Amino acid sequence: MNIITFFVTAIGLGFGLAMDAVSVSLADIVREPGMTKGKKASIALAFGVFQFAMPLIGWVLVSEAVKMMGWLMKLTPWISLILLLILGIRMIREDDHSDEEMTDKGIGWGEILIQGVATSIDALSVGFAIASYTLSMALTASAVIGVVTMGLCLAALYAGTLLKGRLPVRETVLGGVILILIGIKIFIDGVF
């Protein structure tokens with residue numbers, strides 16, 4: 001594989017894998033419109049790190065334990081569905097609280113980590129696609145995927161700020177519904 005094909009493939013994987021994280025980033029900024037620049041950067045970084053790590057973990061598992069990976073891959077749609085359902089339902093239920101309470105509470109770091117895992121767990125399967133790569137190629141491809149994800153999430157977080165007050169429904173309900181729909185999409189893609 002030539003270097004151009006390698007990078008085009010890695011960038012394409014990055015865009016494809018980042019879409020769930022981008023959607024969740026939009027839901028996060030709709031939920032917490034007053035989010036600081038530092039928190040936006042932290043969220044984008046968290047999604048980027050998870051999107052970097054998961055393909056690499058998949059590559060290691062494929063290289064070392066194909067049988068275990070087959071067993072684990074059957075669980076990934078379920079794990080993503082459960083995590084995103086919990087977060088989405090929690091977000092919808094929080095809409096009952098006043099706007100001041102929601103703004104003060106915001107999105108916690110534990111929740112950001114759960115979102116990172118839930119939106120990147122399907123990237124484990126990329127380990128199968130890059131199984132023939134050397135370690136340096138797998139690291140590079142994973143890094144490209146992570147950087148693309150981080151950049152797209154950061155752009156979504158800044159663009160999402162423009163949505164505040166322009167939606168016909170309560171933003172927290174919309175964000176919760178988006179998380180639930182992403183979980184269902186990941187589940188359907190993984191099971192069927």
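In the stretch 151-185, the qualifying residues are those that are closer than 16 Å to Gln115 by Cβ and at pLDDT 85 or above, and the one that is surrounded by the most Cβ atoms within 10 Å (Cβ to Cβ) is Cys153.
For the stretch 75-85, the candidate set comprises residues that are of a type in the set (A, V, I, L, M, F, W, C) and in contact with a helix residue (DSSP H, G or I) (Cβ under 8 Å, 6 or more places away or on another chain); within that set, the residue that is least open to solvent (accessible area, probe 1.4 Å) is Leu84.
Quick grid of which residues meet (1) open to solvent by less than 70 Å² (accessible area, probe 1.4 Å); (2) among the small types (Gly, Ala, Ser); (3) modelled with pLDDT of 80 or more; (4) assigned to a helix (DSSP H, G or I):
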{"site": "Glu101", "(1), (2), (3), (4)": "no, no, no, yes"}
{"site": "Asp104", "(1), (2), (3), (4)": "no, no, no, yes"}
{"site": "Val117", "(1), (2), (3), (4)": "yes, no, yes, yes"}
{"site": "Ser120", "(1), (2), (3), (4)": "yes, yes, yes, yes"}
{"site": "Ser132", "(1), (2), (3), (4)": "no, yes, no, no"}
{"site": "Ser142", "(1), (2), (3), (4)": "yes, yes, yes, yes"}
{"site": "Thr149", "(1), (2), (3), (4)": "yes, no, yes, yes"}
{"site": "Phe187", "(1), (2), (3), (4)": "yes, no, yes, yes"}
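Listed by first and then second residue, the pairs with beta-carbon distance under 7 Å, at least 6 apart or on different chains, first residue in the stretch 108-127 and in contact (Cβ under 8 Å) with a residue 60 or more places away in the chain and within 19 Å of Asp28 (Cβ to Cβ), second of a type in the set (D, E, K, R) and surrounded by 19 or more Cβ atoms within 10 Å (Cβ to Cβ), are Thr119/Asp20. Residues in the stretch 36-57 include none that are modelled with pLDDT under 85 and open to solvent by less than 60 Å² (accessible area, probe 1.4 Å).
Can you tell me which residue is most open to solvent (accessible area, probe 1.4 Å) among those in the stretch 21-35 that are in a helix (DSSP H, G or I) and among the hydrophobic types (A, V, I, L, M, F, W, C)? Reasoning before the result, please.
First, the residues of the stretch 21-35 that are in a helix (DSSP H, G or I): 21-31.
Keeping just the survivors that are among the hydrophobic types (A, V, I, L, M, F, W, C) gives 21-22, 24, 26-27, 29-30.
Numbers: Ala21: 0, Val22: 24, Val24: 0, Leu26: 56, Ala27: 1, Ile29: 2, Val30: 13 Å².
Per the stated criteria, the residue is Leu26.
The values are calculated or read from the model by the stated rules, or taken from the named source; none is laboratory data. None of these values were measured; they are calculated from a predicted model. Cβ sites come from the backbone with ideal geometry, for glycine too, and all protein chains shown count toward neighbours. These area figures cover heavy atoms from the full protein model, side chains too; ligands, DNA and RNA do not enter into them. Shrake-Rupley method; radii C 1.70, N 1.55, O 1.52, S 1.80 Å.
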